[in-house]
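The values are calculated or read from the model by the stated rules, or taken from the named source; none is laboratory data. Fair warning: this is a prediction, and the values are worked out from it, not measured in the lab. Here the Cβ positions follow ideal geometry from the backbone for every residue, glycine too, while neighbour counts run over all protein chains shown. What goes into the accessible areas is simple: the full protein's heavy atoms, side chains included, and nothing from ligands, DNA or RNA. Shrake-Rupley method; radii C 1.70, N 1.55, O 1.52, S 1.80 Å.
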Amino acid sequence: MRLVTIPTSPFEGQRPGTSGLRKKVTVFQQPFYLENFVQALFDVLPSAHGQTLVVGGDGRYHNRIAVQVILRMAAARGYARILVGRGGILSTPAVSAIIRRRRAMGGIVLSASHNPGGPEGDFGIKYNIANGGPAPEKITEAIYARTLEVREIHMLDSADLPLDELGSHRLHFTTIEVVDPVADYAEVMRSLFDFEAIRALFARGFRLRFDAMSAVAGPYAHSLLEHELGAPAGTVVNGTPLEDFGGLHPDPNPVNAVDLIRCMQAADAPDMGAASDGDADRNMIVGRGFVVSPSDSLAVLAAHATLVPGYRAGLSGVARSMPTSTAIDRVAQKLGIPCFETPTGWKFFGNLLDAGKVTLCGEESYGTGSSHIREKDGLWAVLFWLNLLAVSGKSVEGLVRELWREHGRCVYSRHDYEGISGDRAENLMRELRAQLPSMPGASLLGQRIVAADDFAYADPVDGSLSVAQGVRLELQDRARIVFRLSGTGTSGATLRIYLERHETDLHRHDLPVQQVLAPLVALAERVARVRHWTGMAEPSVMT
Ligand code: VG1
Ligand code: CO
C-alpha cells in the first residue's frame, strides 16, 4: 500500500452554499473534483493525529464511489480511526449523533439532501465539526479559499474496502470501522422519548403512515417504528433506500409527497402521516385530512415539550430561521423564554445550542431539531409528535387548532420560482434592495409597510456577522414578506418568497391559505416585479 501524491491543475473553486457543496453528479464525476474539495478540507483542518472521523451518506448515486475515495484520502491524512456506516450509509442526523457519542473530531456527510438523485441528479458533500453540526461559515469560507490553491492530492494507492459487512479494517496506519448506521441514533432516541407510551399507542390501534420517500430514513424508521415500537408492518412505506429515490424528488412537502397527502385525505386515513427527505433530516407532519405547516409544528412541539421525558425540565430558549413564521415567538413569549431569529441554514443554530441558549429550533422548510444533536432531525420530530399524541390523547389536528385558538393562526406560505437565470434573480434582489430606504411608512395597494431591511445577523455567542440574508418587509398587524435566493440549488437560481399573516379571528382560520395571502402576493409583485424578472406567471412550487 503506497501513499501517492497526484498533481492537479488549477480549479475554479467551489463555494459551498446554505448546506455544503451541491452540484450535479456529472460535475462530481469530473477528475479530481471531489478530491480537490476533500484535500482543501483536510488542509484547513487541524492535525488528524490520534483523531476519529465519521463518514457516511444518504446512499444516493455516486455515494459508494465517493466514500472509497474519502477513505483513501483520510487514511493518507493520518486519522487514527474512521467510522463509516455499513454500505457507506448514514443519515445526516445519525452522523451528528455518532460524532457526538464517539467524540470524533468531525464527519463528512455525503448528500444533496432534498435534491433529486441518480446519474442525472445531484450529489453533495459537507463537513460537520466536533459538536456534530455543520461547519460554520469561517470554516466553509476557508475550505473554499483553499480549493483555489490545491495543486496536489494525497491518497493511498489501495483497493476498495468491503463496506457491506460490519467489521474492522486497516488502511495504512488508520483503523476503519464499519458501523451499524442505526445503533447510535436509536440510543439517542431512546434517551429522549417515552417509548413505553408510544408502544401503548400503537397497541391501541393508532395508525401511522411514514413515507421514507425511497431515501435514507427507511432503515431508521423500520428499526425504530416497526421493530421497536410495535407499529404494524407496512407503517413505513418507500422504506428501501434507492440510488435515485425511485426517480422522485425526496423533498417532503405536499407537492412532492402527493401520495401521502392523498392517503391522508381518504375516508379510512391513518391517524398521522409523516415523510422525510433524502438524508432524513427533514420532516413533514400530516393529520387526518390536515396538513401541518412546519412553522406550526415547531410551535406545537415547543408548547408541549415538557410532556416528553427528554424535555421535562423545560426549554432554555428556542430559535427559528428568519423566514420561519412567528408562531414559535408567541409560544416562547407565553413560556417566558427567549426566541432567537437566525439566517436560513442549520449551521446558525450551532452556537446557540452549544451555549445552552436554546433547546428547540426549526425552519419553515420542514426542518425541526433540538440540542440532542446539531442537525435537524426528521424521525426525531415524528417520535416527538407520537409521544405528544400518546400522552395527551389528542389528535394532530387537535393540537394545531389548540395552538391557533390560543395564539392566533400564522397563515403562511412559501412561493418558489425555480430554474430562473442567475443574473435576473440578482437583478430582482438588487432592485428590491435599492428601494429599502424609501419603503418604511409607504402605503402600497392599501397595505402599510412598517419596516423594511436586508436581514443581518450578529451571532450572540461569537459575534460573527452574516449580512444580506434576505430582504424582509414588515407590514401592519405583523404580516411579513421575505425575499431571498436559494443557496442549495444546482441549476440556475431559485427565488423564494415567504408570506405570513397573523389571523386572530377564529372564523378566518379555515379560509384557503392562498386566498388569505393574496394581498401580500400582490404587494410582492408590486415591489419586486417578480413576473418581469422571473418570466413566470406563477411560482413553480407553493408550500
Ligand atoms: C434550503 C432551506 C433551508 C435549509 C436548507 C438545507 O435552503 O430553505 O431552510 O436549511 O435547504 O436543508 P435554501 O438556501 O435552498 O433556501 V437540507 O434538508 O436540503 O440539508
Ligand atoms: Co435534508
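Residues of the stretch 146-173 that are without any contact (Cβ under 8 Å) to a residue 12 or more places away in the chain and open to solvent by less than 60 Å² (accessible area, probe 1.4 Å): 167, 169.
Is it the case that residue 259 is open to solvent by 20 Å² or more (accessible area, probe 1.4 Å), within 23 Å of residue 364 (Cα to Cα) and either modelled with pLDDT under 95 or more than 16 Å from ligand 2 (Cβ to nearest atom) (or both)? In short, yes.
Would you call residue 441 modelled with pLDDT under 95 and away from ligand 2 (no atom under 16 Å from the Cβ)? Answer is yes for this residue. Looking across the stretch 276-296, just one residue is within 16 Å of ligand 2 (Cβ to nearest atom) and among the hydroxyl-bearing types (Ser, Thr, Tyr), and that is 276. Number of residues in the stretch 509-526 that are more than 27 Å from residue 433 (Cβ to Cβ) and in contact with a Lys or Arg (Cβ under 8 Å, 6 or more places away or on another chain): the value is 2.
Of the candidates 253, 238, the single residue that is within 16 Å of the chain's Cα centre (by Cα) and either open to solvent by 50 Å² or more (accessible area, probe 1.4 Å) or within 30 Å of residue 181 (Cβ to Cβ) (or both) is 253. Among the candidates 425, 458, the residue that is surrounded by 17 or more Cβ atoms within 10 Å (Cβ to Cβ) and at pLDDT 95 or above is uniquely 425.
Rundown of residues vs (1) within 18 Å of residue 487 (Cβ to Cβ); (2) within 13 Å of the chain's Cα centre (by Cα); (3) modelled with pLDDT under 95; (4) within 12 Å of ligand 2 (Cβ to nearest atom), yes/no style:
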site: 344; (1), (2), (3), (4): yes, yes, no, no
site: 353; (1), (2), (3), (4): no, no, no, no
site: 365; (1), (2), (3), (4): yes, yes, no, yes
site: 369; (1), (2), (3), (4): no, yes, no, yes
site: 381; (1), (2), (3), (4): no, yes, no, no
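Regarding residue 499, is this residue more than 26 Å from residue 358 (Cβ to Cβ), modelled with pLDDT of 95 or more and of a type outside the set (Val, Ile, Thr)? The answer is no for residue 499. Of all residues in the stretch 433-455, those that are surrounded by 12 or more Cβ atoms within 10 Å (Cβ to Cβ) and closer than 20 Å to residue 478 by Cβ total 14.
Considering only the stretch 137-145, I want to know if a residue exists there that is of a type in the set (Asp, Glu), within 16 Å of ligand 1 (Cβ to nearest atom), in contact (Cβ under 8 Å) with a residue 12 or more places away in the chain and open to solvent by less than 10 Å² (accessible area, probe 1.4 Å). Checked the stretch 137-145: no residue is of a type in the set (Asp, Glu), within 16 Å of ligand 1 (Cβ to nearest atom), in contact (Cβ under 8 Å) with a residue 12 or more places away in the chain and open to solvent by less than 10 Å² (accessible area, probe 1.4 Å). Please verify whether residue 477 is farther than 16 Å from residue 341 by Cβ, charged (D, E, K, R), free of Cβ contacts under 8 Å to residues at least 12 places away in the same chain and open to solvent by 40 Å² or more (accessible area, probe 1.4 Å), treating the condition exactly as stated. Spelling it out, it is not the case that residue 477 is farther than 16 Å from residue 341 by Cβ, charged (D, E, K, R), free of Cβ contacts under 8 Å to residues at least 12 places away in the same chain and open to solvent by 40 Å² or more (accessible area, probe 1.4 Å).
Number of residues in the stretch 431-476 that are assigned to a strand (DSSP E or B), hydroxyl-bearing (Ser, Thr, Tyr) and more than 23 Å from residue 495 (Cα to Cα): the value is 1.
Looking at residue 430, is it open to solvent by 40 Å² or more (accessible area, probe 1.4 Å) and either within 15 Å of ligand 1 (Cβ to nearest atom) or in contact (Cβ under 8 Å) with a residue 24 or more places away in the chain (or both)? Taking the combined requirement at face value, the residue does not satisfy it. You will find that of 259, 268, the residue that is over 24 Å from residue 375 (Cα atoms), more than 16 Å from the chain's Cα centre (by Cα) and not in a helix (DSSP H, G or I) is 268 and no other.
The residues of the stretch 361-409 that are aliphatic (A, V, I, L, M) and away from ligand 1 (no atom under 16 Å from the Cβ), listed by number, are 383, 386, 388, 389, 390, 391, 396, 399, 400, 403. Only one of the numbered conditions (1) in a loop (DSSP other than H, G, I, E, B); (2) touching a helix residue (DSSP H, G or I) at 6+ places or on another chain (Cβ under 6 Å); (3) more than 16 Å from ligand 2 (Cβ to nearest atom); (4) not hydrophobic (A, V, I, L, M, F, W, C) is violated by residue 273, and that is (1).
Of everything in the stretch 1-22 that is within 16 Å of ligand 2 (Cβ to nearest atom) and part of a strand (DSSP E or B), the residue that is modelled with the lowest pLDDT is 17.
For the stretch 401-408, the count of residues that are touching a helix residue (DSSP H, G or I) at 6+ places or on another chain (Cβ under 8 Å) and more than 24 Å from residue 302 (Cβ to Cβ) is zero. Apart from one condition, residue 290 fits all of (1) aromatic (Phe, Trp, Tyr); (2) within 16 Å of ligand 1 (Cβ to nearest atom); (3) under 19 Å from residue 401 (Cβ atoms); the exception is (2). Residues that are in a loop (DSSP other than H, G, I, E, B), open to solvent by less than 30 Å² (accessible area, probe 1.4 Å) and within 26 Å of residue 398 (Cα to Cα) within the stretch 486-543 comprise just one, 509.
Tally time: how many residues in the stretch 99-125 are within 14 Å of ligand 1 (Cβ to nearest atom) and of a type outside the set (A, V, I, L, M)? Number satisfying all stated conditions: 10.
Among the residues making up the stretch 91-116, a single one is away from ligand 2 (no atom under 12 Å from the Cβ) and either more than 17 Å from residue 53 (Cβ to Cβ) or at pLDDT below 95 (or both): 116.
Conditions (1) open to solvent by less than 50 Å² (accessible area, probe 1.4 Å); (2) closer than 25 Å to residue 82 by Cα, marked per residue:
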site	(1), (2)
187	no, yes
192	yes, no
199	no, no
207	no, no
211	yes, no
226	yes, no
230	yes, no
244	no, no
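Name the residue that is most open to solvent (accessible area, probe 1.4 Å), counting only residues in the stretch 213-224 that are of a type outside the set (Val, Ile, Thr) and more than 28 Å from residue 394 (Cα to Cα). Selected residue: 219.
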